[in-house]
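**Student:** Okay, handing you the structure first.
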Amino acid sequence: MQDFTRREILKTGAAATLGATVASPALLAAARAWAAESQWQPESGAKLRVLRWKRFVQSEHEAFMASVDAFTKATGVAVRVDSEGFEDLRPKAAVAANIGSGPDIIWGIHADAHLYPNAMLDVSDVCDHLGGKYGGWYPIAEHYGKREGKWINVPITISGNLINYRKSMVQKAGFETFPDNTDDFLKLMQNLNKQGTPGGFALGNASGDGNCWTHWILWSHGGKVVDENDNVVINSPETVAGLEYVGELGKTFIPGAASWLDGHNNKAFLQGACSVSNNGISIYAAAVREGMTEIAEDMDHAFYPVGPVGEPTEFHVAFPLMVYNHTNYPNAAKALTAWLMEKEQYDAFLQGSVGYLSHPLRAYKDHPVWTEDPKRLVFRDVAERSRSFAHAGSLGYAASSVFADFVVVNMIAEVATGAKTPKEAATDAQKRAERYYNV
Amino acid sequence: MAAIGETRPVDQVNFLARLNNNRNLLGLLFMLPAAAILLLFLTYPLGLGIWLGLTDVKVGRPGRFIGLENYAWLFEDHIFWLSVFNTFVYTTAASVIKFALGLWLALLLNRHIPFKAFIRAIVLLPFIVPTVLSALAFWWIYDSQDSVISWILIEAGLLDETIDFLGQPNNARASVIAANIWRGIPFVAITLLAGLQTIPASLYEAATIDGAGEWQRFRHITFPLLTPIIAVVMTFSVLFTFTDFQLIWVMTRGGPINATHLMATLSYQRAIIGGALGEGAAIATAMIPFLLAAILFSYFGLQRRKWQQGGRDD
């Protein structure tokens, strides 16, 4: 999500104008062969407008643009691609749905298609084709992609957010490998704090890092915002148990974590001030790119420790390709979405993403991007391990609003900073969540 | 027929001439473009905002009229009340300090100092820099690990650990207020300086001859003659501060745990990010009474001519 530094933005912005975004001859040949056989033959004179979430990895953007360029040359469909930061993109996507005009395809974020399912084109044929060809979708992709039995968006990728840690500091604190359960994790954090190399997790209104780790900790102890029938059940003994854990955990954090937004932990980690945090692969990518070999070599990634529930309870951010049913060229739009997910393009996309973005289709698990650098390996499995933010209920307005209003983040932060007792914080979160769910 | 043919042009001329002479009508005509712009770009959005606050409209989904339900909800929402509290603390503290420091700065600048014009121009800098830029600068100044303030204090041996500027609720409030003050002082200072320059020097001379000291001259000449300007400046200052958004959004996003959420930032979070346009509009609408009170205070203050000229009200 927002795990990028300003320097990165400047770099990608400057490089974007120079980037190689034209299809290679090989890619073009593949596109022609694919287009001839494709089950979606574009309407004559078709034109498409695509609005995408603004890249933060230059090589990913180049791979994407090259795929689009090959598609245009092979099919004759002109494609205009605009990009936008996702906080501006979400209202635009909603307005396009409301007024029935605008971009034909939007690469959005989270489960926004579920806020206006009636504006979405049924893309079941595309998803069934892709699922059949590439080993099937992970359950999380189906959860985000489908509504009432049909696919309303094409899940394009999932952005992993995992534990980032300094190997030497963790070892000094008495752990050879990163703890895989929450009890040991707490001990580790306490030891790290005692030895003067504390870790920290964002407690501010950080929409990426904040949401990811707080949902993990809530779920790891069996707490959840809603049950299967969307009844608000956050004020539960399980939540309180999780919050009691958070109360202890919060004491070990580096000073200032209460104010952290998405970018702070990247900075603190790269400076060597923070030993453990949660993040995408961007800290590591930045360390490698900027030649900070000491940190790049000493850091690694790990899955979130498993809590008392005994299974992974991770949250990673999903991105959908939303095809609007107001498009005049539904076949062209379907062809483009299918094309982007086909092996040649998607391989290049994953390669260009260097671990930031992961695959929702099982067949891409074998992609070399995950194994050529062992520190990327854990990010391979994020789709397999991720739950949706609506867990255990259904996607829609209430779930999105509770998420956007930082109900879980605030609850955890209140206890971690000692501002409220676990019981008070849970009662309060229950009230806040009920406001959105009981409409 | 011929007679009618002759009179008609005369009538027209008369009509145009009368039109030309009718100051009321002309005045109305001249005001029309401005009124149209006001209606289109101010009244309509304001009305729409108030209307949205009475509906359950979401981003991308039309709503229906639900009366005061949004307000009833907000009334029970402690985060809303926290934001109201924060907004008042923020506005009061920032406005009072901005006024005190601004007035002081204006008095200093009103003296004869070398490079007067240059210094006066420099003073305006914080006001000229785009808010987002200055907010980013403060974001770094208040950084939990790399704050320049903490660094200096630690290097000087006065502190052992970094100050958690934005991590503790009260620290965070004080920090964002300080940033707002830094940004707002130039406006107050320069406007008050303009007011100071309109005060005739002869009054001070007369007072000096009568044996008035510095404080007496300030208390009985400067301050009374400055009150009308003060009323205007403080009204604007309060309005700007009350509706502040950018500083908070860049530095804290309303955190930690909503301790710096102002009504404006909460409204944005709920309406645009959370998609609950109706509720966000209701929060924004709830700001109107307070803003109106500030305007009315200044309006009636300005209407009292005696008070304006330093006399007492009857």
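**Student:** Test of the criteria: in the range A:136-187, which GluC sites (Glu not before Pro) are in a DSSP loop and have at most 13 other Cβ atoms within 10 angstrom of their Cβ?
**Tutor:** A:148, A:176
**Student:** Then there's this: Determine the gain in length on full extension of the stretch residue B:116-residue B:216; use 0.36 nm per residue of separation and subtract their C-alpha separation, reporting nm with one decimal.
**Tutor:** 33.4 nm
**Student:** Tell me the relative contact order for chain A as a rounded percent, counting alpha carbon contacts under 8 Å between residues six or more apart.
**Tutor:** After rounding, I find 26 percent.
**Student:** Which one, A:113, A:46, A:66, has the greatest fluctuation when you compute a Gaussian network model over chain A with C-alpha springs under 10 angstrom?
**Tutor:** Result: A:46 has the largest fluctuation of those listed.
**Student:** Within the range B:85-130, which chymotrypsin sites (Phe, Trp or Tyr not before Pro) sit in a loop by DSSP and count at most 13 neighbouring Cβ atoms inside 10 Å?
**Tutor:** Qualifying residues, ordered by number: B:115.
**Student:** Okay, moving on. Given only helices, namely DSSP H runs of n ≥ 4 each adding -39500 (n - 2.57), what is the per-residue ellipticity at 222 nm of the protein assembly as shown, to the nearest 500 deg cm²/dmol?
**Tutor:** Calculated at 222 nm, the ellipticity per residue is -17000 deg cm²/dmol.
**Student:** DSSP loop (so not H, G, I, E, B), at most 15 other Cβ within 10 Å: list which GluC sites (Glu not before Pro) in the range A:309-352 pass both filters.
**Tutor:** Taking the range A:309-352 and a limit of 15 other Cβ atoms within 10 Å, no loop GluC sites (Glu not before Pro) are found.
**Student:** Right, another one. Can you tell me which of B:36, B:194, B:137 moves the most in a GNM of chain B? Springs connect C-alpha atoms under 10 Å apart.
**Tutor:** B:36
**Student:** Follow-up question, since we're still on this one. Just give the residues from the range B:66-111 buried by at least 30 square angstrom of accessible area in the all-chains context relative to the isolated chain, probe 1.4 Å, and say none if nothing qualifies.
**Tutor:** B:73, B:78, B:79
**Student:** Next question. Given N residues in chain A, what is Rg(Cα) / (2.2 N^0.38 Å)?
**Tutor:** Against the compact-globule rule of thumb, the ratio is 0.98.
**Student:** Let me ask another. Given labels modelled 7 Å from the Cα in the Cβ direction, how far is it in nm from residue B:50 to residue B:34?
**Tutor:** Going from the residue B:50 label point to the residue B:34 one covers 2.3 nm.
**Student:** Continuing with the same structure: Using the Cβ atoms and a cut-off under 14 Å, what net charge is assigned to the surroundings of residue A:194, where Lys and Arg are +1 and Asp and Glu are -1?
**Tutor:** Here the charged neighbours net out to +2.
**Student:** If amide hydrogens are placed 1.01 Å from N in the peptide plane, which non-local residues have theirs closer than 5 Å to the one on residue A:157?
**Tutor:** Distant-sequence amide H within range of residue A:157: A:319.
**Student:** Please compute the length gained on full extension between residue A:26 and residue A:167, using 0.36 nm multiplied by the number of residues separating them and subtracting their Cα-Cα distance.
**Tutor:** Additional length available on full extension: 46.5 nm.
**Student:** Now for a separate question. In degrees between 0 and 90, to the nearest 10, how far off the longest principal axis of chain A does helix A:330-341 point, with axes built from Cα atoms?
**Tutor:** Roughly 50 degrees between the two axes.
**Student:** With every protein chain kept in the model, how would you rank B:196, B:158 by accessible area, 1.4 Å probe, largest at the top?
**Tutor:** Order by accessible area, largest first: B:158, B:196.
**Student:** Same structure, new question: For residue A:181, enumerate residues with amide H under 5 Å from its amide H, sequence gap 5+ or separate chain, H modeled in the peptide plane.
**Tutor:** A:306
**Student:** If you don't mind, there's one more thing I want to ask. Under the Kirkwood approximation for Rh and a Cα-based Rg, what ratio Rg/Rh is obtained for the range B:236-307?
**Tutor:** My calculation puts Rg/Rh at 1.12.
**Student:** Based on the alpha carbon coordinates of the protein assembly as shown, what radius of gyration and maximum Cα-Cα distance (Dmax) apply, in Å?
**Tutor:** My reading of the Cα-based Rg and Dmax gives 30.7, 115 Å.
**Student:** Still on this model: Using the Cβ atoms and a cut-off under 10 Å, what net charge is assigned to the surroundings of residue A:77, where Lys and Arg are +1 and Asp and Glu are -1?
**Tutor:** +1
**Student:** Just tell me, in residue order, which DSSP H segments of chain B are both 24 angstrom or longer along the helix axis (alpha-carbon based) and at least 0.0 in mean Kyte-Doolittle hydropathy.
**Tutor:** For chain B, where a helix must reach 24 Å along its axis and average at least 0.0, the hits are B:78-109, B:169-197, B:223-242.
**Student:** Using alpha carbons only, how many angstrom separate the centre of the range A:18-83 from the centre of the range A:384-439?
**Tutor:** Spelled out, the Cα-based centre of one part sits 40 Å from the other.
**Student:** Fully extended, how many nm does the chain gain between residue A:290 and residue A:394 (0.36 nm per residue separation, minus their Cα-Cα distance)?
**Tutor:** 33.2 nm
**Student:** What shape does the range B:56-308 take by its C-alpha gyration tensor, where a ≥ b ≥ c are the square roots of the eigenvalues and a/c under 1.5 counts as rounded, a/b above b/c as prolate, and the rest as oblate?
**Tutor:** oblate
**Student:** I would also like to ask the following. Between beta-carbons, use under 14 Å as the cut-off and find the net charge around residue B:102, counting Lys and Arg +1, Asp and Glu -1.
**Tutor:** +3
**Student:** Counting only protein heavy atoms and using a 1.4 Å probe, what share of the accessible area of the range A:382-439 belongs to carbon plus sulfur, as a whole percent?
**Tutor:** Carbon plus sulfur share of accessible area: 52 percent.
**Student:** Between residue B:149 and residue A:311, what is the spin-label point distance in nm, taking each point 7 Å from the Cα along the Cα→C-beta axis?
**Tutor:** It works out to 4.9 nm between the two label points.
**Student:** Here's something else I'd like to know. Tell me the label-point distance for the pair residue A:78, residue B:14, using the 7 Å Cα-to-Cβ offset, in nm and rounded to one decimal.
**Tutor:** Computed distance between label sites residue A:78 and residue B:14 equals 6.3 nm.
**Student:** Here is a follow-up. Got a sec? What order do A:240, A:309 fall in by accessible area at 1.4 Å, biggest, i.e. largest, first?
**Tutor:** If we order A:240, A:309 from most to least accessible, we get A:309, A:240.
**Student:** Out of residues 5 or more away from residue A:309 or on other chains, whose amide H comes under 5 Å of its own, with H placed 1.01 Å from N in the peptide plane?
**Tutor:** Close amide H contacts, sequence-distant or interchain: A:222.
**Student:** With a 1.4 Å probe and all protein chains kept in place, how much accessible area does residue A:341 have, in Å² rounded to the nearest 10?
**Tutor:** Probe radius 1.4 Å; accessible area of residue A:341 about 0 Å².
**Student:** Before I look further, what does the range B:56-308 give for accessible area per residue, probe 1.4 Å, in whole square angstrom?
**Tutor:** 49
**Student:** Ok, one more. Would you work out what percent of the accessible area of chain B, with all protein chains in place, is carbon or sulfur (probe 1.4 Å)?
**Tutor:** 70
**Student:** Quick one: how many Å² of residue A:143 are accessible to a 1.4 Å probe, rounded to 10?
**Tutor:** 70
The values are calculated or read from the model by the stated rules, or taken from the named source; none is laboratory data. Keep in mind it's a predicted model, so treat the numbers as computed, not measured. Cβ atoms come from the backbone with ideal geometry, glycine included; neighbour counts cover every protein chain shown. Remember, those area values only see protein heavy atoms, side chains included, never the ligands or the DNA or RNA. Shrake-Rupley method; radii C 1.70, N 1.55, O 1.52, S 1.80 Å.
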